[in-house]
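Following: one structure in structure tokens, then a few remarks.
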Amino acid sequence: MNKNQKQLLALLESTFNPQDDIHFLAIAETQIQVYDKERPVHQVRVALTFKEGDTVNPYYDGTDLFVTMDENSIQFTLEKDWADGPPAVEGSPIELALGWVSELTPPFFVSPHAKEAAERKAITSANRSQPAPPTDPNPWF
């Protein structure tokens with residue numbers, strides 16, 4: 001994780017998690033072109049869920065938000081496009097969070113919960129894709 005990504009994570013933590021009841025599952029960021037902004041705009045895709053103690057909710061919400069950043073500061077921008085509406089993804093199983101965030105770009109932050117859930121999903125999917133053994137190995141006898 002580079003310096004800007006650490007600053008971005010700190011901004012997200014302080015803004016969305018002041019009571020330590022939010023668990024960030026995965027975060028990705030990429031620079032985009034916005035012509036009416038003086039500084040480069042970065043699209044940030046965030047998947048998060050609620051937590052209670054060490055227990056993480058099995059469903060996540062996700063949204064895209066936007067920031068401007070340089071070496072010294074990070075600020076939210078284009079709030080009208082993301083701040084007031086519903087999340088882009090709402091109430092989806094956390095097994096899907098890493099995949100959804102990765103659709104933007106590879107995430108710079110992945111929580112252990114998100115990684116474990118994605119691995120469980122991959123194992124389950126692999127097991128389902130294998131043909132089931134025959135129930136009667138000698139169907140003609």
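The values are calculated or read from the model by the stated rules, or taken from the named source; none is laboratory data. From a predicted model like this one, the values you see are computed outputs, not experimental measurements. Cβ atoms come from the backbone with ideal geometry, glycine included; neighbour counts cover every protein chain shown. Remember, those area values only see protein heavy atoms, side chains included, never the ligands or the DNA or RNA. Shrake-Rupley method; radii C 1.70, N 1.55, O 1.52, S 1.80 Å.
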Toy charge model, Lys and Arg Cβ at +1, Asp and Glu Cβ at -1: the chain dipole around Cα centroid in debye, rounded to 20, equals 420
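Order the following by accessible area, largest value first: Met1, Met69. Probe radius 1.4 Å; ligands, DNA and RNA are ignored. Present the calculation step by step, with values, prior to reporting the outcome.
Working: Met1 105, Met69 20 Å².
Correct descending sequence by accessible area is Met1, Met69.
Can you give me the % of accessible surface on the chain that is carbon or sulfur? Probe 1.4 Å, all protein chains present, nothing else counted. Mind dumping the intermediate values first?
Numbers: 4700 of 9160 Å².
Carbon with sulfur: 51 percent of the solvent-accessible area.
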Straight-line reach from Lys6: which aspartates and glutamates have Cα under 17 Å away, leaving out those fewer than 8 places along the same chain?
Glu29, Asp70, Glu71
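Contact order normalised by length for the chain, with contacts defined as Cα pairs under 8 Å and 6 or more residues apart; what percent is it?
Once normalised by length, the contact order is 24 percent.
Which number do you get for Rg(Cα) / (2.2 N^0.38 Å) in the stretch 54-122?
Numbers: Rg = 14.0 Å, N = 69, 2.2 N^0.38 = 11.0 Å.
Ratio of Rg to 2.2 N^0.38 Å for the stretch 54-122: 1.28.
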Compute the long axis of helix 112-129 from its Cα atoms, compare it with the longest principal axis of the Cα atoms of the chain, and write down the angle in degrees, 0 to 90, nearest 10.
30
With the dipole of the stretch 11-62 worked out from charges on the C-beta (+1 for Lys and Arg, -1 for Asp and Glu) around the Cα centre, which of Pro58, Phe16, Pro40 lies farthest toward the positive end?
Pro40
Which label marks the calculated value of mean projected area of the Cα convex hull in nm², given the options (1) 9.1; (2) 12.1; (3) 12.9?
(2)
